[in-house]
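Peer 1: The structure under discussion is supplied below as structure tokens; questions concerning it will follow.
The values are calculated or read from the model by the stated rules, or taken from the named source; none is laboratory data. Since we're looking at a predicted model, the values are computed, not measured. Every residue, glycine as well, gets a Cβ built from its backbone with ideal geometry; the counts of neighbours run over all protein chains shown. Ligands, DNA and RNA are stripped out before the accessible areas are found, and what is left, the full protein with its side chains, is counted by its heavy atoms. Shrake-Rupley method; radii C 1.70, N 1.55, O 1.52, S 1.80 Å.
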Amino acid sequence: GAGVSQSPRYKVAKRGQDVALRCDPISGHVSLFWYQQALGQGPEFLTYFQNEAQLDKSGLPSDRFFAERPEGSVSTLKIQRTQQEDSAVYLCASSLGDRGVYGYTFGSGTRLTVV
Amino acid sequence: AQTVTQSQPEMSVQEAETVTLSCTYDTSESNYYLFWYKQPPSRQMILVIRQEAYKQQNATENRFSVNFQKAAKSFSLKISDSQLGDTAMYFCAFSFMRFGAGTRLTVKP
């Protein structure tokens, strides 16, 4: 596609509910990143994929957070047993290469609200 | 550990004037990239400018330029001839996408 697509754009979840957020990167982009952005804050790194390999998941805040990219294209970020502190915008970015050689393109994000 | 620090939470500038946003970072890597991103209220992150650490020449993109001081680990963004559309959050970011906390820039008419 022409850009990075994220869905849903908005998600309201009841506390304790599981959610799945989808990222569809630009076709052919090798690298894919997930970020969590709290209101008024900068994005916080969650995890990084190079093709289907998850090379860095050091930013995932707990074992309730899980990300996958099984075929090296679409990625899903899953949050189990959501809590109020999970409320944030979740951003996805993709890149043709790594280390920013070709720059990164961001999606518009999914705003998750846990009530 | 890689850290990115933006010490100016908010700034304002008059339309058509010049403003400089500050960013410092810390890393032990020798080859890396630095970025400035703009995030308007629509929350779409837009790449403003990119600097490769091994290049001594400061990057320039139209009205946007950087002052990259590698030894000081400083990477400031200068916006010339500020326009109302420049109003946004600006984030400094490091290679593997560690972001600073952001600077909210308001351009006043």
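Peer 1: Those residues that are among the polar types (S, T, N, Q), open to solvent by 20 Å² or more (accessible area, probe 1.4 Å) and in contact with a strand residue (DSSP E or B) (Cβ under 7 Å, 6 or more places away or on another chain), I need them from region B:77-93; list them, please.
Peer 2: Result: B:Gln83, B:Thr87.
Peer 1: While we're looking at this one, here's another question. Residue under question is A:Arg64, and the condition is that it be free of Cβ contacts under 8 Å to residues at least 60 places away in the same chain, in contact with a helix residue (DSSP H, G or I) (Cβ under 9 Å, 6 or more places away or on another chain), over 30 Å from B:Thr103 (Cβ atoms) and surrounded by fewer than 17 Cβ atoms within 10 Å (Cβ to Cβ); does it hold?
Peer 2: yes
Peer 1: Considering only region B:94-109, state which residues are among the hydroxyl-bearing types (Ser, Thr, Tyr) and buried (at least 16 other Cβ atoms within 10 Å of the Cβ).
Peer 2: B:Ser95, B:Thr103
Here is a yes/no grid of residues against (1) open to solvent by less than 20 Å² (accessible area, probe 1.4 Å); (2) touching a helix residue (DSSP H, G or I) at 6+ places or on another chain (Cβ under 7 Å); (3) of a type in the set (S, T, N, Q); (4) more than 9 Å from chain A (Cβ to nearest Cβ):
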{"residue": "B:Val4", "(1), (2), (3), (4)": "no, no, no, no"}
{"residue": "B:Gln8", "(1), (2), (3), (4)": "no, no, yes, yes"}
{"residue": "B:Ser12", "(1), (2), (3), (4)": "no, no, yes, yes"}
{"residue": "B:Cys23", "(1), (2), (3), (4)": "yes, no, no, yes"}
{"residue": "B:Thr27", "(1), (2), (3), (4)": "yes, no, yes, yes"}
{"residue": "B:Asn31", "(1), (2), (3), (4)": "no, no, yes, no"}
{"residue": "B:Ser42", "(1), (2), (3), (4)": "no, no, yes, no"}
{"residue": "B:Ala53", "(1), (2), (3), (4)": "yes, no, no, yes"}
{"residue": "B:Asn58", "(1), (2), (3), (4)": "no, no, yes, yes"}
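Peer 1: A:Asp56: closer than 30 Å to B:Thr5 by Cβ, of a type in the set (D, E, K, R), within 14 Å of chain B (Cβ to nearest Cβ) and open to solvent by less than 70 Å² (accessible area, probe 1.4 Å), yes or no? Lay out the reasoning, then the answer.
Peer 2: Working: closer than 30 Å to B:Thr5 by Cβ: yes; of a type in the set (D, E, K, R): yes; within 14 Å of chain B (Cβ to nearest Cβ): yes; open to solvent by less than 70 Å² (accessible area, probe 1.4 Å): yes.
Yes: the conditions hold for A:Asp56.
Peer 1: Turning to a different aspect of this structure: Name the strands (runs of 3 or more DSSP E) wholly inside region A:15-115 in which the number of residues that are of a type in the set (Val, Ile, Thr) is 3 or more.
Peer 2: Passing ranges, in order: A:110-114.
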